[in-house]
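Student: Take a look at this one; I'll ask things after.
The values are calculated or read from the model by the stated rules, or taken from the named source; none is laboratory data. Computed from a predicted model, the values in this text were never measured in an experiment. Cβ atoms come from the backbone with ideal geometry, glycine included; neighbour counts cover every protein chain shown. The area values use the complete protein model at the heavy-atom level, side chains included, leaving out ligands, DNA and RNA. Shrake-Rupley method; radii C 1.70, N 1.55, O 1.52, S 1.80 Å.
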Amino acid sequence: MTAPASIDQAGAAPAAPSLLHRHAERRAAALNRLNAGKSAQELLADAILEEFRGRIALVSSFGAESAALLHLVAEVDPSTPVLFLETGMLFPATLAYQKDLAERLGLTDVRLIRPDPADLRAEDPDGALHQTDPDACCDLRKTRPLERALAPFDAWITGRKRFQSAERARLEFYETDAAGRIKLNPLADWDARRIRAHMEAHDLPLHPLATERFPSLGCAPCTTPVAEGEDPRAGRWRGRDKTECGIHIVNGNVVRRSAA
């Protein structure tokens with residue numbers, strides 16, 4: 001894997017995509033055509049055991065809906081690397097849930113990915129950066145640490161779904177990231193009812209905050225409860241146009257909240 005394209009704190013990437021990125025986009029399009037109609041379990045088995053064997057990781061927040069995907073991955077191969085971004089600002093309930101769920105599912109390679117201590121001292125010494133520049137805070141605590149952790153991999157699995165927000169409504173099963181890696185979204189077409197049914201069928205524990213109007217969980221200072229009728233991610237960075245932390249880039253830019 002070649003060095004990733006640089007992304008500034010506003011989410012801007014170089015205008016011209018690299019040859020690697022163009023190749024990855026063609027590969028993602030081919031994979032979408034080849035695997036059309038396959039179930040989430042089939043997509044995961046193909047990616048983990050065949051297409052990207054030994055070169056793929058799952059990135060999980062261990063949030064409100066994470067148990068379903070973690071369970072599916074564990075059924076395919078419990079030794080699949082799981083990258084968990086421990087930003088230093090997560091809800092204590094999320095940290096406890098991560099340990100309990102990983103043990104219950106028998107996941108053997110959960111990696112806690114933390115921000116660089118030197119970067120924290122230099123850029124956010126008082127832990128208040130999220131108040132003045134949430135993009136910079138996410139870059140410091142999520143984007144850069146994840147990019148370092150993903151360096152050995154050619155592909156990664158995410159838990160994003162179309163129903164979560166208007167910005168994700170056209171989400172493909174396969175796409176690319178800014179570094180030219182393949183991203184697999186095996187639950188893209190699942191809705192909240194299907195996720196809950198899967199969790200109940202397999203006796204998977206709910207995140208402790210999932211029943212307290214937190215359908216999407218991030219860092220504690222930037223996550224609020226969601227009212228009935230709102231998008232599941234409406235509580236993330238409430239009051240700002242920001243809808244993504246920056247680890248999910250679309251067309252070279254951090255996705256912003258729709259004006260509608």
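Student: Touching a residue at least 24 places away in the same chain (Cβ under 8 Å) and surrounded by fewer than 20 Cβ atoms within 10 Å (Cβ to Cβ): which single residue out of LEU43, LEU49 fits that description? Step through it out loud before you land on a result.
Tutor: Details: LEU43 fails: surrounded by fewer than 20 Cβ atoms within 10 Å (Cβ to Cβ).
After ruling out the rest, the residue left standing is LEU49.
Student: Also, I was wondering about something else. With the structure loaded, tell me whether LEU171 is open to solvent by less than 30 Å² (accessible area, probe 1.4 Å), touching a helix residue (DSSP H, G or I) at 6+ places or on another chain (Cβ under 7 Å), modelled with pLDDT of 95 or more and not aromatic (Phe, Trp, Tyr) or whether it fails that test. Write out each step before concluding.
Tutor: On the way: open to solvent by less than 30 Å² (accessible area, probe 1.4 Å): yes; touching a helix residue (DSSP H, G or I) at 6+ places or on another chain (Cβ under 7 Å): yes; modelled with pLDDT of 95 or more: no; not aromatic (Phe, Trp, Tyr): yes.
No, not satisfied.
Student: For the stretch 15-67, name all the residues that are over 30 Å from THR211 (Cβ atoms) and of a type in the set (S, T, N, Q). Before you say what the answer is, go through the steps one by one.
Tutor: Of the residues in the stretch 15-67, the ones over 30 Å from THR211 (Cβ atoms) are 15-38, 42, 45-56.
Scanning the stretch 15-67 gives SER18, ASN32, ASN35.
Student: Moving to a separate point now. Scan the stretch 207-224 for residues that are open to solvent by 20 Å² or more (accessible area, probe 1.4 Å) and under 17 Å from ASP191 (Cβ atoms) and report the count.
Tutor: 2
Student: Right, another one. Tell me, please, whether a residue that is within 30 Å of ASP133 (Cα to Cα), assigned to a strand (DSSP E or B), touching a strand residue (DSSP E or B) at 6+ places or on another chain (Cβ under 7 Å) and not basic (Lys, Arg) can be found in the stretch 183-205.
Tutor: yes
Student: Oh, and also: Among the residues of the stretch 145-177, which ones are assigned to a helix (DSSP H, G or I) and more than 14 Å from the chain's Cα centre (by Cα)?
Tutor: First, pick out the residues of the stretch 145-177 that are assigned to a helix (DSSP H, G or I): 145-150, 162-164, 166-168.
Within the stretch 145-177, ARG148, PHE163, ALA166, GLU167 meet the criteria.
Student: To continue, here is another question. Which one is surrounded by the fewest Cβ atoms within 10 Å (Cβ to Cβ) among residues in the stretch 52-76 that are charged (D, E, K, R) and more than 14 Å from ILE157 (Cα to Cα)?
Tutor: Initial filter on the stretch 52-76 (charged (D, E, K, R)): 53, 55, 65, 75.
In the following step, the residues that additionally are more than 14 Å from ILE157 (Cα to Cα) were identified as 65, 75.
Working: GLU65: 25, GLU75: 14.
Going through the qualifying residues, I end up with GLU75.
Rundown of residues vs (1) under 17 Å from the mean Cα position of the chain (by Cα); (2) part of a loop (DSSP other than H, G, I, E, B); (3) under 17 Å from LEU217 (Cα atoms); (4) not charged (D, E, K, R), yes/no style:
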{"site": "ALA68", "(1), (2), (3), (4)": "yes, no, yes, yes"}
{"site": "HIS71", "(1), (2), (3), (4)": "yes, no, no, yes"}
{"site": "GLU75", "(1), (2), (3), (4)": "no, no, no, no"}
{"site": "PRO78", "(1), (2), (3), (4)": "no, yes, no, yes"}
{"site": "LEU95", "(1), (2), (3), (4)": "yes, no, yes, yes"}
{"site": "THR108", "(1), (2), (3), (4)": "no, yes, no, yes"}
{"site": "LEU120", "(1), (2), (3), (4)": "no, no, no, yes"}
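Student: Considering only the stretch 49-61, how many residues are assigned to a loop (DSSP other than H, G, I, E, B) and modelled with pLDDT of 95 or more? Spell out how you get there, then give the answer.
Tutor: Initially, the stretch 49-61 is screened for residues assigned to a loop (DSSP other than H, G, I, E, B), giving 52-55, 60-61.
Next cut, modelled with pLDDT of 95 or more only: 52-55, 60.
Total meeting the criteria: 5.
Student: Somewhere in the stretch 123-132, is a residue of a type in the set (A, V, I, L, M) and buried (at least 20 other Cβ atoms within 10 Å of the Cβ)?
Tutor: no
Student: Let me ask something else about it. Can you pull out every residue in the stretch 172-187 that is closer than 23 Å to SER18 by Cβ and aliphatic (A, V, I, L, M)?
Tutor: If the condition is that a residue be closer than 23 Å to SER18 by Cβ and aliphatic (A, V, I, L, M), then ALA178, ALA179, ILE182, LEU184 are the ones that fit.
Student: Related question: Restricting the first residue to the stretch 77-96 and requiring it to be open to solvent by 40 Å² or more (accessible area, probe 1.4 Å), which pairs with a second residue that is of a type in the set (S, T, N, Q) meet a Cβ separation below 6 Å and a spacing of at least six or different chains?
Tutor: PRO78/THR108; SER79/THR108
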